[in-house]
Amino acid sequence: MQPTGRRRELTGAQSFFALLAAVLLTFAAHNGYYAWRGWDDFDKWAVARPMSTKIDLSQPQQITLPFHQTCSISHGEGFYLDAPQLSDEDKQDLPTLFAGLDGSIEICDTAGNIVSSVEMHDEYVYYWDDQIMLAKLDPFEEGEYQATILIRSGATKLAGIDQTLLAAYQLCGLERLAVTMSAVIGGVSGVVGLLIAGGVWSSWRSIPRDSPPDNADSEKPSEPAAVSVND
């Protein structure tokens, strides 16, 4: 049996490019995961409601409820009134419909410190993205908070109408810019890494195995000579 040659070994340059390919592919995988998480978060933020409660804005009252903040990069955080009983005509004259409304919304952390607050007045109510917006806050850190809604005087024309006050993130798509760029950079890195890895593999496969030693035949055990035995 002829001895086989030794295993192919990477040259110094091939080792360097193999390591570079591994780094690029790892970077691409990391960026891809980051982008996937970012897109998934954006989709969740688009439908998230940090706070939602039944309310009657026609009556003075105070309501305190949990506020679950999951997004801190939106360009705003709006408080909207959902009132299905209102007609399109009612929504055309919001200052009249909300006349007399005076109140505030206050966000506090678990220690009772005020994180953000905003006033609600009839002149501040307007239509935004097919919804009635009562107030708007700048975004703040993610976490668990308490929202206190204080109605000092109500909008009497809303009496008898079913109302829900809810909070929602105002997103425009720019929040996806960072993760989109990450996906592009990761994709380019992945393609380059695969090309380099393919080149290293092809180069390594082209290296011939070492030839068998010249003295292979001399080291081959000789067959024993035939011995004749005369009777």
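Values in this text are rule-based calculations from the coordinates and carry no lab data. If you're wondering where the values come from, they're calculated on a predicted model, not measured in any experiment. When we count neighbours, we look across all protein chains shown, and the Cβ atoms used for this are built from the backbone with ideal geometry, even at glycine.
Which residues' amide hydrogens lie under 5 Å from the amide hydrogen of Met120, considering only partners 5 or more residues apart or on another chain, with H built in the peptide plane?
For Met120, the qualifying residues are Gly103, Ser104, Ile105.
As an exercise, use a Förster radius of 22 Å and the Cβ-Cβ distance of Gln131 and Arg152 to find the FRET efficiency, rounded to the nearest 0.05.
Given R0 = 22 Å and the Cβ-Cβ separation, E is 0.40.
List the relative contact order of segment 49-171 as a percent without decimals, with contacts defined as Cα pairs under 8 Å and 6+ residues apart.
Relative CO of segment 49-171 lands at 49 percent.
Quickly work out the Gln62-to-Lys91 label distance, labels modelled 7 Å from Cα along the C-beta direction, and quote it in nm with one decimal.
That separation, rounded to one decimal, is 3.3 nm.
Quick one: if you take sqrt(5λ) for each eigenvalue of the C-alpha gyration tensor of segment 49-171, what semi-axes come out, biggest first, whole angstrom?
Largest first, segment 49-171 gives 24, 16, 12 Å.
By per-residue mean of other Cβ atoms within 10 Å, what is the highest-first order of 108-119, 177-188?
177-188, 108-119
Order these peptides, 25-36, 160-171, 59-70, by their mean beta-carbon neighbour count within 10 angstrom, highest first.
160-171, 25-36, 59-70
With the crude spin-label approximation of a point 7 Å out along Cα→Cβ, what separation in nm comes out for Thr70 versus Ala22?
It is 3.8 nm.
Figure the gain on full extension for Val188 and Ser104 (residue separation times 0.36 nm, minus the Cα-Cα span) and round it to one decimal in nm.
So the extension gain works out to 25.3 nm.
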